[in-house]
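Read the figures in this text as sums done on the coordinates, not as results from a lab. Remember, it's a predicted structure, so these values are computed and weren't measured experimentally. All Cβ positions, even for glycine, are placed from backbone atoms using ideal geometry, and neighbour counts span all protein chains on display.
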Amino acid sequence: MIRFISLAALLLLWQIGAWLSDPRRIPGPMAVFEKIYEEAVSGALFSNLAVTLARVVAAFALAMSFGAAIGYVMGRNKLADRLLDPWLVTLLNLPALVVIVLAYVWAGLTEVAAIGAVALNKLPNAIVVVREGARALDPHLEDMAEVFRFSPAARLKHLILPQLAPYLAAATRSGLSLVWKIVLVVELLGRSNGVGFEINMAFQLFDMKLLLAYALPFVALMLGVETILVQPLERHVSRWRRGVSRRLDRV
Amino acid sequence: MNDTSPAGGAASLDVSIASKDYHSASGRPLRALEGLRLTLPAGQAGAVVGPSGCGKTTLLRLIAGLDKDYFGTIVLPEHGRLGMVFQEPRLLPWRSVIDNIRVAAPQAPEDDIAALLDELGLAEHAAHFPRELSLGLARRVALARALAVKPDLLLLDEPLVSLDAALARDLREMIARLIDERRITTLIVTHDLREAIALGDRLFLLSARPAHVVATIDVPAPRRTLAKETAERLEAQARDALAAAHAGSQPGHP
Ligand SMILES: Nc1ncnc2c1ncn2[C@@H]1O[C@H](COP(=O)(O)OP(=O)(O)O)[C@@H](O)[C@H]1O
Ligand SMILES: [Mg+2]
């Protein structure tokens, strides 16, 4: 309810802003919704959203899988940590734009360069978070698994992943919002489709209606993924934490 | 420098540790065990008794193969399948009671696991998560898990510590019954002499740190039929042995 009121207030503020200024500078909500409808009917909206979403998924999957593997090794092995830490610090402090431009220069204006550049921007953050998780693995449980001779698969599934789950969830949450944003920049600089490309077009034409007609559905899609996928997943992996309150103290 | 291996033929536990040191980051090494020897025939329950901090958990960790940094040899019973109950239950908090057992004993048939849960009074807790259990219940789950793997050697580290008297007695009787029924070679570690006499076929009395065995005493009668006088006599005998060892190591203080 409060969320709804807050959202309505935002729309109202937008409308007032539109009335007070040039409609070419700030188009009103109705004009933008009409434009969204137009783009949706033509199919352009969905194809661009789909292209951008596919890039987000690919870059995110790449960054998370490599980040988890490298972070785990660095968290568990002192030598690997010492060797790779300077690289990690460099990558962490490299501006996203530099990575993107270098990727386009070296690999051409290709899909591989685009997705690789986004993944590389997310990678160090994933490594840092998972490394933290790997350092916090419980050695007592590890001894237990050793004595009972857990297979490598059982170790991963029942011992390591459940302990890393909160860290992976944190990396997912911060990672998705980062990847969403960088994908638009990559599209703006070197792709000929996707939401970032359309926003660039709108900017060139100074078409604020078109710009907002892509920006808003994109934000809605991000929020949708967050609430429909990420949050339920987080709840699922931490379900065992509940029930502490109904501890059974009889034997 | 050391050797932990399943025995070829002689089906018993044979431990001979020349020395075990801990190396802290600062300062000199800390000697936990020195010249410790013990042998346990197959199918028997041995009880290791010693004061807190003397090196009992260290000894179990060496036997379990969790720490290979020592001088000496350890020969495990044939096949060397281990079941262990750690001092803390060490259950996977994100798996239910029954899944904790399944994960540790993937080859155990479901019927066996159900029977085990029944026997340990855990049937109604099968679906609970470890955080919902009291320490007494969690210990029983850890015991069920150790038994589910059908171990050739069962290691119990202070299984009754920090339970109140009634719970400790219940669990002690449960353990006594299980090791009698199953004839598993078992090594129980405790700091409580009475507990050791109630559970063990053979007592190993340890010195203070660095620990070695100062006396080995065989308990004549089966666990549940041990007469009160016999138990008291054994206790006195053990205390004498400990006192003698103590006097021997500190001349001038009789
Ligand atoms: N990982 C370790 N590093 C250094 N010292 C240790 C370590 N584990 C145990 N110790 C020391 O070794 C001695 C024996 O410990 P432990 O085997 O746990 O005793 P117990 O189980 O008989 O109470 C203690 O003095 C303890 O402080
Ligand atoms: Mg101990």
Exercise. Does region A:51-64 contain at least one residue that is assigned to a helix (DSSP H, G or I), buried (at least 20 other Cβ atoms within 10 Å of the Cβ) and basic (Lys, Arg)?
Worked result: yes
Problem set entry | Exclusive hit being closer than 27 Å to B:ASP170 by Cα, within 15 Å of ligand 1 (Cβ to nearest atom) and free of Cβ contacts under 8 Å to residues at least 40 places away in the same chain, set B:GLU88, B:GLU124 | B:GLU88
Exercise. Given the conditions (1) more than 16 Å from ligand 1 (Cβ to nearest atom); (2) buried (at least 17 other Cβ atoms within 10 Å of the Cβ); (3) farther than 19 Å from B:LYS20 by Cβ; (4) more than 14 Å from every other protein chain (Cβ to nearest Cβ), and given that B:VAL75 satisfies all but one, which numbered condition is not satisfied?
Worked result: (3)
Exercise. Scanning for something in contact with a Gly (Cβ under 9 Å, 6 or more places away or on another chain) and part of a helix (DSSP H, G or I), does region A:19-40 turn up at least one residue?
Worked result: yes
Exercise. Residues in region B:133-145: is at least one more than 24 Å from B:GLY55 (Cα to Cα), touching a residue at least 60 places away in the same chain (Cβ under 8 Å) and within 11 Å of another protein chain (Cβ to nearest Cβ)?
Worked result: yes
For this session: Test B:ALA105 against the criterion of being more than 16 Å from ligand 2 (Cβ to nearest atom), among the small types (Gly, Ala, Ser) and more than 9 Å from every other protein chain (Cβ to nearest Cβ), and give yes or no.
Result: no
For this session: Please find, among B:GLY46, B:GLY83, the residue that is within 16 Å of ligand 1 (Cβ to nearest atom), among the small types (Gly, Ala, Ser) and outside any loop (DSSP other than H, G, I, E, B).
Result: B:GLY46
Exercise. Got a sec? Which helices (runs of 4 or more DSSP H) wholly within region A:78-154 have at least 3 residues that are of a type in the set (Val, Ile, Thr) and surrounded by 13 or more Cβ atoms within 10 Å (Cβ to Cβ)?
Worked result: A:96-107, A:111-135
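Residue-wise test of (1) within 16 Å of ligand 2 (Cβ to nearest atom); (2) within 14 Å of chain A (Cβ to nearest Cβ).
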| residue | (1), (2) |
| --- | --- |
| B:SER24 | no, no |
| B:LEU40 | no, no |
| B:GLN44 | no, no |
| B:GLY50 | yes, no |
| B:GLY65 | no, yes |
| B:LYS68 | no, yes |
| B:HIS79 | no, yes |
| B:LEU92 | no, yes |
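Give me a count of the residues in region A:89-110 that are touching a residue at least 40 places away in the same chain (Cβ under 8 Å) and not hydroxyl-bearing (Ser, Thr, Tyr). Reasoning before the result, please.
Residues of region A:89-110 touching a residue at least 40 places away in the same chain (Cβ under 8 Å): A:96-97, A:100-101, A:104, A:109.
After this cut, where a residue has to be not hydroxyl-bearing (Ser, Thr, Tyr) as well, the list is A:96-97, A:100-101, A:109.
Going through region A:89-110 one residue at a time, the tally reaches 5.
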Exercise. Among (1) in a helix (DSSP H, G or I); (2) touching a residue at least 60 places away in the same chain (Cβ under 8 Å), which single condition is A:ASN193 missing?
Worked result: (1)
Exercise. Across region B:23-42, what is the number of residues that are under 13 Å from B:CYS54 (Cα atoms) and surrounded by fewer than 14 Cβ atoms within 10 Å (Cβ to Cβ)?
Worked result: 1
Seminar exercise, completed: In region B:147-195, anything more than 14 Å from chain A (Cβ to nearest Cβ), over 10 Å from the mean Cα position of the chain (by Cα) and either of a type in the set (Val, Ile, Thr) or within 16 Å of ligand 1 (Cβ to nearest atom) (or both) is listed as B:VAL161, B:ILE175, B:ILE179, B:ILE184, B:THR185, B:HIS191, B:ASP192, B:LEU193, B:GLU195
Problem set entry | Scope region A:179-235; condition farther than 22 Å from A:ALA119 by Cα and basic (Lys, Arg); matching residues | A:LYS209, A:ARG235
For this session: Taking A:VAL98 as the residue in question, decide whether it is among the β-branched types (Val, Ile, Thr), under 30 Å from B:PRO106 (Cα atoms) and either away from chain B (no Cβ under 14 Å) or in contact with a strand residue (DSSP E or B) (Cβ under 9 Å, 6 or more places away or on another chain) (or both).
Result: no
